[in-house]
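J.: Below you'll find the structure I mean.
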Amino acid sequence: MKPVLNSRLPAVGTTIFSVMSALAAQHKAVNLGQGFPDFACDPALVDHVTHAMQAGHNQYPPMPGVPHLREAIATKIEALHARPYCANTEITITAGATQAILTAILAVVHPGDEVVVLEPCYDSYVPNIVLAGGTAVRVPLTPGSFRPDFDKIAAALSPKTRALIINSPHNPSGMVWTRQDMLALQDLLAPTNILLISDEVYEHMVFDGAQHESAARYPGLAERAFIVSSFGKTYHVTGWKVGYVAAPAALTAEFRKVHQFNVFTVNTPMQYGLAAYMADAAPYRDLPAFYQRKRDLFRAGLAQTRFRLLPSQGTYFQCVDISAVSTLGEADFCQWLTTEVGVAAIPLSAFYGDGFDQRVVRFCFAKQDATLQAAIERLKSL
């Protein structure tokens, strides 16, 4: 008898990112869909990793991560956000941010628990909750501005709510939470036992002189939060898949119970290389200016089209309203744009559980200037 497989994720298919990247390759389109740089990282970072390999750092590291790297992360967080974390008991190195988020959810969400997610959201959140046996409670961010609506968030909380996931700077919209937002969230959660998963992978991409408001800066949030970040985003090495989680010792202990069985350890020489590279703060301190210049270059080019540009306060994403360009829905428009104009984008509807279509698509500007200019030349036809 042929076995019948009952899928744990029956609603999940091929991601929109894979679909659009394949379509871009097929039609030789400029791929501004998937969020990764098309330029090299700092050669000094590669040299540090090479040196670590040559020095013999090629066996298992400690399960929570190389101590020197955890210490560098704790030092950085305290310098930026005035929050001390113990490198030994409160910092864990992960195989990227996606693994970190899954591990946090598996560590604390029990069958029947509810987890609030704010849509549009990164596509791993809801499947992670399902795998843990929880229920995702979807709350929309305000259409157009993508700002959090605290009345709607409050209405979604219940005695079953185990955790809330936030993301700032926000993928896909580029919105950045303000100090007032974080204080409102702190007040909302104060009388509850609700945990916070704060996805901060774009923490060093905040523009126009604004400051990243990490959950670490707010005592009432930090005490209940798993704070997630990514070296891949910060250092232009998305394929390395190395990230970290900062959390209070009690939360970290539960996190590591799962981490040791779904990953155990993370690539050793890259950890040593990253630790050595972090001795210089300039690469992440200079990142806002680096990406703001690219954002401004891209926005100046898009201003020559009929797209309506939405604010891009952070991340390396630019969203545009397509209403004046086409009557197509977002997904169909992205297909048309890729095949007929030669530029790939991502529909925001892909980040909503119900496919909510607000006539907005997302471009990634983490590209060489020549790539952005090539896309702009093609988009000028619009």
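The values are calculated or read from the model by the stated rules, or taken from the named source; none is laboratory data. The structure displayed is predicted, hence computed values, not measured ones. When we count neighbours, we look across all protein chains shown, and the Cβ atoms used for this are built from the backbone with ideal geometry, even at glycine.
J.: Give me the pairs, please: first residue somewhere in segment 192-205 and at pLDDT 95 or above, second residue anywhere and β-branched (Val, Ile, Thr) and assigned to a loop (DSSP other than H, G, I, E, B), beta-carbon distance under 7 Å, and either six or more positions apart or on two chains.
T.: Correct list of pairs: TYR202/THR315; MET205/THR315.
J.: Quick one: ASN128 ticks every box in (1) modelled with pLDDT of 95 or more; (2) surrounded by fewer than 22 Cβ atoms within 10 Å (Cβ to Cβ); (3) within 15 Å of PHE351 (Cα to Cα) except a single one, so which number is it?
T.: Unmet for ASN128, out of (1) modelled with pLDDT of 95 or more; (2) surrounded by fewer than 22 Cβ atoms within 10 Å (Cβ to Cβ); (3) within 15 Å of PHE351 (Cα to Cα): (2).
J.: While we're on this one: Return yes or no: is ARG295 touching a residue at least 12 places away in the same chain (Cβ under 8 Å) and not assigned by TED's automatic domain parsing to the domain that holds ALA72?
T.: yes
J.: Further question: Quick check: is even one residue across segment 74-83 in contact with a strand residue (DSSP E or B) (Cβ under 9 Å, 6 or more places away or on another chain), among the aliphatic types (A, V, I, L, M), outside any loop (DSSP other than H, G, I, E, B) and modelled with pLDDT of 95 or more?
T.: yes
J.: If you don't mind, there's one more thing I want to ask. Identify all residues within segment 261-289 that are surrounded by fewer than 14 Cβ atoms within 10 Å (Cβ to Cβ) and in a helix (DSSP H, G or I); write none if there are none.
T.: Across segment 261-289, the qualifying residues are PHE261, ASN262, ALA282, ARG285, ALA289.
J.: Within the group MET182, MET175, MET205, which residue is more than 24 Å from VAL242 (Cα to Cα), hydrophobic (A, V, I, L, M, F, W, C) and under 14 Å from the mean Cα position of the chain (by Cα)?
T.: Of the residues listed, the single one that is more than 24 Å from VAL242 (Cα to Cα), hydrophobic (A, V, I, L, M, F, W, C) and under 14 Å from the mean Cα position of the chain (by Cα) is MET175.
J.: Then there's this: Considering only segment 325-338, I want to know if a residue exists there that is within 22 Å of ARG147 (Cβ to Cβ) and surrounded by 17 or more Cβ atoms within 10 Å (Cβ to Cβ).
T.: There is at least one residue in segment 325-338 that is within 22 Å of ARG147 (Cβ to Cβ) and surrounded by 17 or more Cβ atoms within 10 Å (Cβ to Cβ).
J.: Provide a single number: the residues in segment 290-313 that are part of a helix (DSSP H, G or I) and either at pLDDT below 95 or not charged (D, E, K, R) (or both).
T.: Total meeting the criteria: 8.
J.: Filter segment 329-382 for residues that are farther than 15 Å from THR305 by Cβ and of a type in the set (Val, Ile, Thr); which is farthest from the chain's Cα centre (by Cα)?
T.: In this case the residue turns out to be THR339.
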